[in-house]
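Step one of this worksheet: look at the structure below.
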Amino acid sequence: MIDELIGMAREMDCSDIHIACGEPPIVRKNGELKRLSGRPVFTPQTVAEIAREMLQKSGGSGSPEDGDVDFSYQTPSGERQRVNIFRQRGEIGIAVRLLQKDIPTIGELNLPSIFAEIADYPRGLVLVTGPTGSGKSTTLAAMIDAVNEKRSCHILTLEDPVEYMHASKKSMVNQREIGRDARSFSSALRSALREDPDVILVGEMRDLETISSAITAAETGHLVMSTLHTIGAAKTIDRIIDVFPPYQQQQVRTQLATVLRAVITQTLIPRADGSGRVPAFEIMLVNDAVANLVREGKTFQIASVLQTNTRTGMICLDMYLARLVKDGTITMEAALDRAASKEELKRYVQI
C-alpha cells in the first residue's frame, strides 16, 4: 500500500506524504497540503500496519509505539524517502519526505555561482539555514557533490537519516547514519576527528554539544557544512551564541569570527505562473567587517554589510526577493509574505 502511495505522490510531483488516523492520504505539493479525494480514510490499525511495514523493510530500529522514530525508507524501484513516525493524542502518525533519486548539481538547481566557490573552501564552517522544507538538504547535497567531483579528499557525512546516497567520485565518501552507525551527532563528530576527514557534513546542529563539536572540527582545519532552522545570517549567529552559557559566549564569538566562512539562508516561494516554487537566498560571506561584528556582538549591523557587498556575492533576502518580483518570477504578495522587512522590500522593488 505505502509503495503505491509513494509512486502516486511522485507522479504528482509532491514533496511530502502525511498519513494520519481518520484522514485520507494528505500530500504536499508546491508547499500546499492537499487531501487525496477518492482514497479511503486511514484507521488506527491501518496506520500502525503501515508504520510496522516501513520499519521492517527499512531495517530501522525502534517501534511505532516508541513515540518518535526517524529512518530512511527505500521502495523496490530504488526511490528513497525520509520517514518520521510519531504519536499524537495516543495514535500513530507518519510523515514521509520524498527524496530525489539522483543528486542534483548546483547548475541544475540554478543556485548562484558563489555556491560552487563556497563548496571549494579548504576549511571553516559553512551553514545553510531556513525553515523546514526549504531545500537545505538538497542544497548541501549539491555542494557535497561539487566537492566530490572536483577534489581528491575524504568526505564524511553524519545524517539522521542518510538522505542522498553519494557514490565516491574523485573523493572518497563515507556516510554515517545516526542511530544505526553512531549514537548521536556529537559522538559521531568527536570520533570524526580520528577518521582523517577533509570535509564533514553534519545533518543538523541541534544542541550545544553538537554545535561545540562542529566549531572545534572547523578550528582544526576541516571544512564543516551543516544546517540550522534559522532565518537570516544575524539570527543564525545569535542562535549559536545563545546556546552556550553566558560565561562562554564571548569565547564562542571569538571562535565563530575565526572559523565561520559563510551563512546561506534559503526559502522556497511559489512561482507567479503556478508552475512550482523558486528558491530565494540571503548570502553572507565572512570578511573582516563581518568577523569584527561577530566578535563584538554587533550582529544587528550585518544587514548593512550585505547591502554594500553585493559585488563579492553577498545579498540580503529582501534584495533577492525584489529581483524575483521585478523579473516576474514571483508576485509581490508572495515576496511580502517571506520578507525580512516589508518596507525594505518595497524600497528595493522601486529602485
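Sort through Ile103, Ile94, Ile144 and tell me the only one that's among the hydrophobic types (A, V, I, L, M, F, W, C), crowded, with 17+ Cβ neighbours inside 10 Å and part of a loop (DSSP other than H, G, I, E, B).
It is Ile103.
Give the number of residues within the range 168-209 that are within 19 Å of the chain's Cα centre (by Cα), closer than 27 Å to Asp242 by Cβ and acidic (Asp, Glu).
2
Can you name the residue in the range 316-336 that is within 23 Å of Val128 (Cβ to Cβ) and in contact (Cβ under 8 Å) with a residue 40 or more places away in the chain and is also surrounded by the fewest Cβ atoms within 10 Å (Cβ to Cβ) among such residues? Steps first, answer last, please.
Taking the range 316-336 first, the residues within 23 Å of Val128 (Cβ to Cβ) are 316-324, 329-330, 334-335.
Narrowing the set further to residues that are in contact (Cβ under 8 Å) with a residue 40 or more places away in the chain leaves 317, 320-321, 324, 329-330, 334-335.
Values: Leu317: 26, Tyr320: 23, Leu321: 29, Leu324: 20, Thr329: 17, Ile330: 23, Ala334: 20, Ala335: 26.
If we take residues in the range 316-336 being within 23 Å of Val128 (Cβ to Cβ) and in contact (Cβ under 8 Å) with a residue 40 or more places away in the chain, then Thr329 is surrounded by the fewest Cβ atoms within 10 Å (Cβ to Cβ).
Hey, can you tell me all the residues within the range 234-258 that are closer than 22 Å to Ala303 by Cβ and among the aliphatic types (A, V, I, L, M)?
Ala234, Ile237, Ile240, Ile241, Val252, Leu256, Ala257
Just a yes or no: is a residue in the range 267-277 in a strand (DSSP E or B), in contact with a Gly (Cβ under 7 Å, 6 or more places away or on another chain) and closer than 15 Å to Ile231 by Cβ?
Scanning the range 267-277 turns up at least one residue that is in a strand (DSSP E or B), in contact with a Gly (Cβ under 7 Å, 6 or more places away or on another chain) and closer than 15 Å to Ile231 by Cβ.
Among the residues of the range 37-73, write down those that are part of a strand (DSSP E or B) and surrounded by fewer than 16 Cβ atoms within 10 Å (Cβ to Cβ).
Asp68
Restricting to the range 314-351, name every residue that is under 20 Å from Ile231 (Cα atoms), in a loop (DSSP other than H, G, I, E, B) and modelled with pLDDT under 95.
Ala339, Ala340, Ser341
Which numbered condition in (1) surrounded by fewer than 20 Cβ atoms within 10 Å (Cβ to Cβ); (2) polar (S, T, N, Q); (3) in contact with a helix residue (DSSP H, G or I) (Cβ under 6 Å, 6 or more places away or on another chain) is the only one that Thr267 fails?
(1)
Ser212: in the same structural domain as Pro131 (by TED's automatic domain parsing) and over 29 Å from Arg338 (Cβ atoms), yes or no?
yes
Looking at Gln350, Gln255, Gln251, Gln301, which is the one that is free of Cβ contacts under 8 Å to residues at least 40 places away in the same chain and within 26 Å of Glu117 (Cα to Cα)?
Details: Gln350 fails: within 26 Å of Glu117 (Cα to Cα); Gln255 fails: free of Cβ contacts under 8 Å to residues at least 40 places away in the same chain; Gln251 fails: within 26 Å of Glu117 (Cα to Cα).
Going through Gln350, Gln255, Gln251, Gln301 in turn, just one is free of Cβ contacts under 8 Å to residues at least 40 places away in the same chain and within 26 Å of Glu117 (Cα to Cα): Gln301.
Scan the range 129-136 and give yes if some residue there is among the basic types (Lys, Arg) and either more than 27 Å from Ser212 (Cα to Cα) or surrounded by fewer than 20 Cβ atoms within 10 Å (Cβ to Cβ) (or both), otherwise no.
Just the residues of the range 129-136 that are among the basic types (Lys, Arg), to begin with: 136.
Within this subset, residues satisfying the condition of being either more than 27 Å from Ser212 (Cα to Cα) or surrounded by fewer than 20 Cβ atoms within 10 Å (Cβ to Cβ) (or both) are none.
For the range 129-136, residues among the basic types (Lys, Arg) and either more than 27 Å from Ser212 (Cα to Cα) or surrounded by fewer than 20 Cβ atoms within 10 Å (Cβ to Cβ) (or both): absent.
Mind checking whether some residue in the range 292-303 is within 24 Å of Glu333 (Cβ to Cβ) and in contact with a strand residue (DSSP E or B) (Cβ under 6 Å, 6 or more places away or on another chain)? Give the steps one after another, and end with the answer.
Within the range 292-303, the subset within 24 Å of Glu333 (Cβ to Cβ) is 303.
Cutting the leftovers down to in contact with a strand residue (DSSP E or B) (Cβ under 6 Å, 6 or more places away or on another chain) gives us none.
Checked the range 292-303: no residue is within 24 Å of Glu333 (Cβ to Cβ) and in contact with a strand residue (DSSP E or B) (Cβ under 6 Å, 6 or more places away or on another chain).
Has the range 82-100 got any residue that is within 27 Å of Glu282 (Cβ to Cβ) and among the aromatic types (Phe, Trp, Tyr)?
No, the range 82-100 contains no residue that is within 27 Å of Glu282 (Cβ to Cβ) and among the aromatic types (Phe, Trp, Tyr).
Scan the range 207-232 residue by residue and report those that are of a type outside the set (A, V, I, L, M) and surrounded by fewer than 19 Cβ atoms within 10 Å (Cβ to Cβ).
Across the range 207-232, the qualifying residues are Asp207, Glu209, Thr216, Glu219, Thr220, Gly221, His229.
Tell me, yes or no, whether the range 109-118 has at least one residue that is over 26 Å from Glu79 (Cα atoms), over 15 Å from the mean Cα position of the chain (by Cα) and surrounded by 20 or more Cβ atoms within 10 Å (Cβ to Cβ).
Restricting attention to the range 109-118, the residues satisfying the condition of being over 26 Å from Glu79 (Cα atoms) are 112-118.
Those still in the list that are over 15 Å from the mean Cα position of the chain (by Cα) too: 112-114, 116-118.
Still in the running and surrounded by 20 or more Cβ atoms within 10 Å (Cβ to Cβ): 118.
Scanning the range 109-118, I find at least one residue that is over 26 Å from Glu79 (Cα atoms), over 15 Å from the mean Cα position of the chain (by Cα) and surrounded by 20 or more Cβ atoms within 10 Å (Cβ to Cβ), so the answer is yes.
Within the range 8-27, can one find any residue that is under 21 Å from Ser72 (Cβ atoms), touching a Cys at 6+ places or on another chain (Cβ under 8 Å), surrounded by 13 or more Cβ atoms within 10 Å (Cβ to Cβ) and at pLDDT 95 or above?
yes
Of the residues that sit in the range 221-250 and are β-branched (Val, Ile, Thr) and assigned to a loop (DSSP other than H, G, I, E, B), which one is nearest to Met319 (Cα to Cα)?
Taking the range 221-250 as the starting set, the residues that turn out to be β-branched (Val, Ile, Thr) are 224, 227, 230-231, 236-237, 240-241, 243.
From what is left, the residues that are assigned to a loop (DSSP other than H, G, I, E, B) are 230-231.
Values: Thr230: 19, Ile231: 15 Å.
Once the filter is applied, the top-ranked residue is Ile231.
When you check Arg253 against the structure, is it out of contact with any Leu (no Cβ under 7 Å at 6 or more places or on another chain), of a type in the set (D, E, K, R), in the same structural domain as Arg338 (by TED's automatic domain parsing) and in a loop (DSSP other than H, G, I, E, B), yes or no?
no
Give the residues of the range 294-315 that are surrounded by 15 or more Cβ atoms within 10 Å (Cβ to Cβ) and over 21 Å from Arg277 (Cβ atoms), sorted by residue number.
Once the filter is applied, which keeps residues that are surrounded by 15 or more Cβ atoms within 10 Å (Cβ to Cβ) and over 21 Å from Arg277 (Cβ atoms), the range 294-315 yields Val294, Arg295, Thr299, Ile302, Ala303, Val305, Leu306, Gln307, Asn309, Gly313, Met314.
Restricting to the range 74-85, name every residue that is under 14 Å from Met165 (Cβ atoms) and part of a strand (DSSP E or B).
Gln74, Arg80, Gln81, Arg82
The values are calculated or read from the model by the stated rules, or taken from the named source; none is laboratory data. What you are looking at is a predicted structure, and each value in this text was computed from that prediction instead of being measured. Here the Cβ is made from the backbone with ideal geometry for all residues, glycine too, and neighbour counts use every protein chain on show.
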